[in-house]
Amino acid sequence: MLNKTYPYYLANRPQTSKTMLDVRDKYSGKLATRVAVPDAKATEKAIAAAVKAAAPMREFKPWARQAVLQHCVARFSERRDELAEALCIEAGKPIRDAAGEVTRLIETFRIAAEEAVRINGETINLELASRLDGYHGYTKRVPLGPVSFITPFNFPLNLVAHKVAPAIAAGCPFVLKPAEKTPIGALIIGEVLAETDLPKGAFSILTLDGAHAAPLVEDERFKLLSFTGGQIGWDLKARAGRKKVVLELGGNAACIVDADQGPKLDKVVERLVFGAFYQSGQSCIGVQRIYAHADIYDALKRKLVAATRKLKAGDPKDRNVFLGPMIDEAAAERLHGWILEAKKAGGKILCGGKRNGNMLDATLMEGVPKDAKASRQEAFGPFALLASYRKFDEAIAMVNDSDYGLQAGIFTDSLEHAMRAWNELEQGGVVVNDIPSFRVDNMPYGGIKLSGLGREGIRYAIEDMTELRLMVMRESA
């Protein structure tokens with residue numbers, strides 16, 4: 001069970017407030033808990049505390065940062081069931097998926113703990129000519145200083161972890177704004193961090209709404225802004241001033257199924273169904289566009305429809321449920337409208353297509369026009385479209401005909417096609433023989449085009465949160 005109320009965190013300490021935010025069970029719609037909301041003075045105090053903590057965090061030794069992260073790993077493991085239940089309630093995430101996200105939370109902090117003690121520099125050879133005899137170069141990485149984070153609703157634990165864990169490993173104090181609809185996971189993380197001996201001011205977790213989050217974007221005392229969310233991220237970048245900005249802004253991921261996959265269609269379908277519909281499709285790398293070779297298209301379509309119709313929808317607390325609610329009715333209504341628009345424009349609904357409140361059927365379509373919203377924009381819900389191709393060049397062009405470029409997948413036994421996909425697809429990542437939804441928490445993850453800029457993944461985030469410091473030394477004459 002959730003607590004009746006949760007505090008926000010200011011300079012490592014829990015804080016109450018007269019202003020409270022209601023957090024609802026996304027399936028039942030009932031009030032689940034209430035969260036304290038900070039005011040503008042608290043936000044200023046959090047930023048000032050982070051600035052003051054910059055020096056102590058820089059001096060906080062790598063082994064001590066590792067110990068903090070290892071404490072988090074142990075405590076999250078002990079509280080695994082509580083964290084999964086909180087996710088299930090506040091995000092409407094099926095309990096099995098929620099348990100999987102808790103596992104990734106733990107893994108992300110474990111990886112960060114390992115990286116905290118190997119943030120290394122290098123020795124550079126400067127003796128490139130006789131005039132440089134006796135000169136040597138050395139580099140090290142030092143923390144940037146205070147950083148700010150804004151996270152979305154769909155992975156309330158793991159997307160927070162991908163910002164918080166590397167910040168601690170790098171030695172950067174941070175101020176985090178979790179999503180208003182799903183703040184509980186971040187606040188439980190804050191509760192665990194408050195048990196550690198992090199320097200005062202090392203972290204604040206502020207349950208702000210978007211209208212009051214401007215200081216996290218615009219305040220020049222922050223040295224980096226890391227934002228995961230929608231296209232508003234480009235506006236935030238324009239307002240961020242001189243600070244470094246990392247953006248992950250979504251996608252409409254495509255997956256190619258090559259002609260040679262006929263004997264493997266059952267396994268391919270299993271992965272495609274998971275990629276399209278897990279956590280109701282509310283993933284930036286959820287499978288939205290499926291392009292299958294004409295020789296196997298009909299068989300793939302038949303198997304996909306049959307598998308999709310078998311998915312159980314309902315209360316996410318039921319361990320047999322695969323498809324839970326979308327985050328709210330407005331999100332479900334938006335995507336349902338896109339489905340109806342695509343149908344009116346000539347698309348055919350193969351299965352699904354109905355909505356009841358924030359529950360939207362797992363929906364497959366074919367014949368969707370290329371300029372339809374359901375094809376061009378990010379569906380971010382339980383929807384995928386199918387289309388066929390004859391030549392591999394066509395498949396490459398179909399995937400690239402998108403304003404997004406986060407990740408793509410290809411199922412193929414052809415090394416040539418796999419290498420061409422890697423070389424020619426305009427994506428931040430290409431996954432061979434699996435869905436674009438695949439992600440491991442140490443890999444460089446991020447996109448191009450409207451999908452954003454920069455990379456997450458613990459080591460890569462640590463690099464973003466540190467700067468290179470050079471020393472040149474000349475031997476004594």
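The values are calculated or read from the model by the stated rules, or taken from the named source; none is laboratory data. All figures in this text were calculated on a predicted structure; none of them were measured in a lab. In this analysis, Cβ positions are derived from the backbone assuming ideal geometry, glycine residues included, and neighbour counts consider all displayed protein chains. Keep in mind that these areas ignore ligands, DNA and RNA; they rest on the heavy atoms of the full protein, side chains included. Shrake-Rupley method; radii C 1.70, N 1.55, O 1.52, S 1.80 Å.
The set of residues in segment 150-198 being surrounded by 24 or more Cβ atoms within 10 Å (Cβ to Cβ), out of contact with any strand residue (DSSP E or B) (no Cβ under 9 Å at 6 or more places or on another chain) and outside any loop (DSSP other than H, G, I, E, B) consists of A161, A165, A169, G185. Of the residues making up segment 104-115, not a single one is modelled with pLDDT of 95 or more, of a type in the set (G, A, S) and either touching a Ser or Thr at 6+ places or on another chain (Cβ under 8 Å) or open to solvent by 30 Å² or more (accessible area, probe 1.4 Å) (or both). Name the single residue, out of those in segment 231-249 being outside any strand (DSSP E or B) and touching a strand residue (DSSP E or B) at 6+ places or on another chain (Cβ under 8 Å), that is surrounded by the fewest Cβ atoms within 10 Å (Cβ to Cβ). The selected residue is W234. When A332, A384, A379 are checked against the criterion of being open to solvent by less than 60 Å² (accessible area, probe 1.4 Å), assigned to a helix (DSSP H, G or I) and not polar (S, T, N, Q), a single residue qualifies: A332.
When T228 is tested against (1) out of contact with any helix residue (DSSP H, G or I) (no Cβ under 6 Å at 6 or more places or on another chain); (2) crowded, with 19+ Cβ neighbours inside 10 Å; (3) of a type in the set (S, T, N, Q); (4) over 23 Å from N12 (Cβ atoms), just one condition goes unmet, and that condition is (1).
Can you spot a residue in segment 21-42 that is assigned to a helix (DSSP H, G or I) and surrounded by fewer than 18 Cβ atoms within 10 Å (Cβ to Cβ)? So far as segment 21-42 goes, yes, one or more of its residues are assigned to a helix (DSSP H, G or I) and surrounded by fewer than 18 Cβ atoms within 10 Å (Cβ to Cβ). Taking (1) over 22 Å from the mean Cα position of the chain (by Cα); (2) closer than 26 Å to N442 by Cβ in turn, A46 satisfies each apart from (2). For segment 335-360, a residue qualifies if it is open to solvent by 20 Å² or more (accessible area, probe 1.4 Å) and in contact with a Ser or Thr (Cβ under 7 Å, 6 or more places away or on another chain), and the qualifying residues are I349, G352.
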